[in-house]
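Everything on this sheet refers to the single structure shown next.
The values are calculated or read from the model by the stated rules, or taken from the named source; none is laboratory data. If you're wondering where the values come from, they're calculated on a predicted model, not measured in any experiment. A quick note on method: Cβ atoms are made from the backbone with ideal geometry, for glycine too, and the neighbour counts reach across all protein chains shown.
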Amino acid sequence: MLAKKTVRTISTRVASVDEQALVEYRYRAVREVLAGSPIGEVAARYGTSRQSVHTWRQRFQQEGMPGLADRSRRPRTSPTRLPAEVEALICDMRRRHPRWGAQRIAHELGACELERVPGRATVHRVLARNGLVVAQQQEHKRTYRRWQREAPMHLWQLDLVGGVPLADGRECKMVTGIDDHSRFIVIAAVVAVPSGRAVCAAFTAAMRRYGVPFEVLSDNGKQFTGRHIRPQPVEVLFERVCRENGITQRLTKPRSPTTTGKIERFHKTLRQELLDHVAPFESMAAAQEAIDAWVHTYNHARPHQALNMATPASVFRPHGPTRDDAVPSGSAQPHQEPMSSPPVRIDVVEPASAFLPAGAVEFDVRVPPSGQITLLPGKQRVGVNQGLAGRTLTFWADLRSIHLLLDGHRVRTVASRLLPEDLAYLVMRGARPGGAEPAPAALPRLNGRLVVAAGQAVEVERKVHRDGHVQIAGTKCQVAFALAGRSVTMRLDGHLMHAIADGALVGTWPCPVSPDHLAGLPGARTAATPLPPPPLPAGSIRAQRRVHASGRIMIARQAIKLGPRHAGKLVTVVIEDTHFRILHGEEEIAIKPRKDLTPITRLYVRGKDTQSS
């Protein structure tokens, strides 16, 4: 203790000596200036600036020798300094909610009616200054590529998680599902046994409530896929549910949990905020009730940082009849729901548009030789095929769409540029009140530009070339050789593109057009009807094959393994554009993708036990 006092005394004396020497040094410079020496030469000789020497002289003339000592540079006033009350409020929020970070606290302060809400960096400095943030060592973690679907209901991530304790000593699992775009929890069902039937029951219950998603993403668990089952792959119940509801199933790579990072991050939040702090539940019903209440808060009240502090429910838009249901998610107790019959496809309800017509008119126009029809000079002009020159077309027009009809059949649909006064002008020129809209409406316009709402499907008519492809935004898209020369409807829905012919779904492919460029497609219109189901395979090419003793058959230069248990059977192979469907009588044995998508014109037959159709 004595040594510390001695060191402190010596340090104080040294500081006072240095300060006194500095004052003497500045005093000599001031004396030279007062004696008549130029201030610039004095500043250069003493190694300082003219302004410093001038300041020293002013302080010496006003205060004498004490004015030459150093002064504090702290500002006299700090108008932007955070008030002490706000700083205390930040510290109190952190102590009451230890898991809240600077961004969450800054968001909560916005609802406290403060005169000036501090930013995230200011809140972090307050927490660090008061010792409420533990400094962590910087780690150079692996960089992952972030991805997200552009609209709700485009992709659901599904998984299983454990850690739900019961009073009788059991530990139940949960079937969980999250919407990739909005982070809305669509499935949170407690199950006694994580079987494939329990997973499908929870999945179908969520589809009945929110609608059918376009895609689902899961790991390679046996509840979700049978591709890794030995001795040969099989189709499990979950894959059948996805196939019969028109859902594209996607699987992660083995040992790649980061692909389903959103649902894994939800599991971490669920454990930290609920499961790690509760006693064992009395029963599965009590566990389901508690988890439902927490999930309801997660969806409707808890701001999400990935959504810019918005709640998942404010971003989620289901295909079902309602979004804000009074019953929290998972309360249907899907582990008790029977699965006696396969799920039925649920029609998707398209979101209502904000652009509604305000009346319609009809009128007849004769097509000129040029094919260019002027409805209003300088306002609206429509071009048709010159082969219709001299024919009379019926125009149905409103504030959104203009449909051209020839003998009651729609020829073309374009977006309308007409205003209410333009419709009134057409009525004065002899137009009659229009009836029901004869075709789906065109895309709406906003400030003169076509607008596609988020998640809205767009349809265009295209003619299939003789090699089986259509042109979409300059990109060749292979459809089907059997449809060459025919007109098909191409439905562009988010990241998927569907081909529709004769009211049936012909095929589905990745969409080659980004959502920002959908409005620029010629002839684009909104989709007014749900996506139709695929056609029956009755018109497909069929061939019969006898299964070899090894369990394989050969069709179109492709070997297909069916398994030794089918050896000797005479099976029927239905050849589709993208896959083979193998039937034994009326029973469907397997569905295998085609490796070569070129059209099949000949089927070679080898061996006396092999027949072809």
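Just a few scattered comments:
- Sole exception among (1) part of a loop (DSSP other than H, G, I, E, B); (2) charged (D, E, K, R); (3) under 24 Å from residue 181 (Cβ atoms) for residue 208, by number: (1)
- The one condition in (1) within 23 Å of residue 239 (Cβ to Cβ); (2) at pLDDT 85 or above; (3) surrounded by 16 or more Cβ atoms within 10 Å (Cβ to Cβ) that residue 576 fails to fulfil: (2)
- Residue match in the stretch 289-302 (condition: basic (Lys, Arg) and either outside any loop (DSSP other than H, G, I, E, B) or within 30 Å of residue 509 (Cβ to Cβ) (or both)): no
- Residue in the stretch 221-232 that is small (Gly, Ala, Ser) and within 24 Å of residue 563 (Cα to Cα) present: yes
- Evaluation of residue 192 against (1) under 19 Å from residue 261 (Cα atoms); (2) of a type in the set (Gly, Ala, Ser); (3) in contact (Cβ under 8 Å) with a residue 40 or more places away in the chain; (4) out of contact with any Pro (no Cβ under 7 Å at 6 or more places or on another chain) (one fails), failing number: (1)
- Test: residue in the stretch 530-538 that is more than 30 Å from residue 229 (Cβ to Cβ), at pLDDT 75 or above and either surrounded by fewer than 16 Cβ atoms within 10 Å (Cβ to Cβ) or assigned by TED's automatic domain parsing to the domain that holds residue 463 (or both): yes
- Evaluation of residue 179 against the conditions (1) surrounded by fewer than 24 Cβ atoms within 10 Å (Cβ to Cβ); (2) closer than 30 Å to residue 493 by Cα; (3) in the same structural domain as residue 242 (by TED's automatic domain parsing); (4) among the charged types (D, E, K, R) shows that the sole unmet condition is (1).
- Any hit, the stretch 104-111, residues being surrounded by 10 or more Cβ atoms within 10 Å (Cβ to Cβ) and either of a type in the set (Ser, Thr, Tyr) or farther than 22 Å from residue 311 by Cα (or both): no
- Residues considered: 99, 28, 74, 116. Of these, the only one that is surrounded by fewer than 14 Cβ atoms within 10 Å (Cβ to Cβ) and within 30 Å of residue 268 (Cα to Cα) is 99.
- Residue 10 modelled with pLDDT of 80 or more, among the hydrophobic types (A, V, I, L, M, F, W, C) and either over 30 Å from residue 269 (Cα atoms) or not assigned by TED's automatic domain parsing to the domain that holds residue 304 (or both): no
- Which numbered condition residue 213 fails, given (1) within 25 Å of residue 151 (Cα to Cα); (2) in a helix (DSSP H, G or I): (2)
- If you go through the stretch 553-570 and keep only what is closer than 16 Å to residue 588 by Cα and in contact with a strand residue (DSSP E or B) (Cβ under 7 Å, 6 or more places away or on another chain), you end up with 553, 560, 561, 562, 566, 569, 570.
- Scanning the stretch 486-505 for residues that are closer than 10 Å to residue 470 by Cα and surrounded by fewer than 16 Cβ atoms within 10 Å (Cβ to Cβ) returns a single hit, 487.
- Within the stretch 352-368, the residues that satisfy the criterion of being loosely packed, with under 14 Cβ neighbours inside 10 Å and either at pLDDT below 85 or within 16 Å of residue 432 (Cβ to Cβ) (or both) are 352, 354, 356, 358, 359, 364.
- Count of the stretch 236-247 residues which are touching a residue at least 24 places away in the same chain (Cβ under 8 Å) and buried (at least 17 other Cβ atoms within 10 Å of the Cβ): 8
Table: residues versus (1) on the phi < 0 side of the Ramachandran plot; (2) among the β-branched types (Val, Ile, Thr); (3) assigned by TED's automatic domain parsing to the domain that holds residue 22.
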{"position": "42", "(1), (2), (3)": "yes, yes, yes"}
{"position": "47", "(1), (2), (3)": "no, no, yes"}
{"position": "51", "(1), (2), (3)": "yes, no, yes"}
{"position": "73", "(1), (2), (3)": "yes, no, no"}
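- The residues of the stretch 384-401 that are surrounded by 12 or more Cβ atoms within 10 Å (Cβ to Cβ), of a type outside the set (Asp, Glu) and in a strand (DSSP E or B), listed by number, are 393, 394, 395, 396, 397, 401.
- Flag for residue 159 being in a strand (DSSP E or B), assigned by TED's automatic domain parsing to the domain that holds residue 209 and either surrounded by 10 or more Cβ atoms within 10 Å (Cβ to Cβ) or among the charged types (D, E, K, R) (or both): yes
- Residue 169 out of contact with any His (no Cβ under 9 Å at 6 or more places or on another chain), surrounded by fewer than 16 Cβ atoms within 10 Å (Cβ to Cβ) and on the phi > 0 side of the Ramachandran plot: yes
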